[in-house]
Amino acid sequence: MTTIERNIVIRESLKIAAPPERVWRVFTEIERWPQWNPVVRSPRFREGQPWQMGAVLEFTVKPSWKSLRIRGEIIEVSPRRAVTWIGSGGGISGKHTFTFEPDGEGTLATNMEVFMGPGLGLMWIVMPQARVRALFAEWLAALKAASEK
């Protein structure tokens, strides 16, 4: 039997009129996410030291009619520049990366995830790609507003 798996990449970027250090500070204050981020609910670190390799963070998103609990293990971190976590569930794995690149007087922030696994077909029925893109863009817009205050 032949199995064909494909990856789907969703990437959204936004220019923020604040230096990467400020954007990183706002982003990494996970306990304050609910104050500025309408996408995420109940964020917390479940294991390890915050924003360090091996740390596990959890939060809830509601992309459609059903809420999803996200649990990600940080596998890469470069302070003030980038963080990547991985997670899986329901036959889907994801590798989520946020990057914060200097761009003139500001920061180019990117929110990207690579989705993979045999459950992708069902995922897009429950949560269309357009809705995932909208959530990624909404998260960045909220980060922009909080960082530019």
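The values are calculated or read from the model by the stated rules, or taken from the named source; none is laboratory data. Computed from a predicted model, the values in this text were never measured in an experiment. Virtual Cβ from ideal backbone geometry, glycine too; neighbours counted across all protein chains shown.
Some notes on this structure:
- Val26 in contact with a Ser or Thr (Cβ under 6 Å, 6 or more places away or on another chain) and part of a helix (DSSP H, G or I): yes
- Residues of region 55-65 include at least one that is surrounded by 13 or more Cβ atoms within 10 Å (Cβ to Cβ), of a type in the set (Gly, Ala, Ser) and modelled with pLDDT under 95.
- Criterion violated by Met1 - all others in (1) at pLDDT below 95; (2) surrounded by 14 or more Cβ atoms within 10 Å (Cβ to Cβ); (3) not in a strand (DSSP E or B) satisfied: (2)
- Some residue of region 119-126 being under 25 Å from Pro34 (Cβ atoms) and of a type outside the set (D, E, K, R): yes
- Under the condition of being surrounded by fewer than 17 Cβ atoms within 10 Å (Cβ to Cβ), more than 16 Å from Thr99 (Cβ to Cβ) and of a type in the set (S, T, N, Q), the residues counted in region 11-54 number 4.
Per-residue answers, yes or no, for (1) in a strand (DSSP E or B); (2) without any contact (Cβ under 8 Å) to a residue 24 or more places away in the chain:
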{"position": "Trp51", "(1), (2)": "no, no"}
{"position": "Leu57", "(1), (2)": "yes, no"}
{"position": "Thr60", "(1), (2)": "yes, yes"}
{"position": "Arg69", "(1), (2)": "yes, yes"}
{"position": "Val77", "(1), (2)": "yes, no"}
{"position": "Arg80", "(1), (2)": "no, no"}
{"position": "Val83", "(1), (2)": "yes, no"}
{"position": "His96", "(1), (2)": "yes, no"}
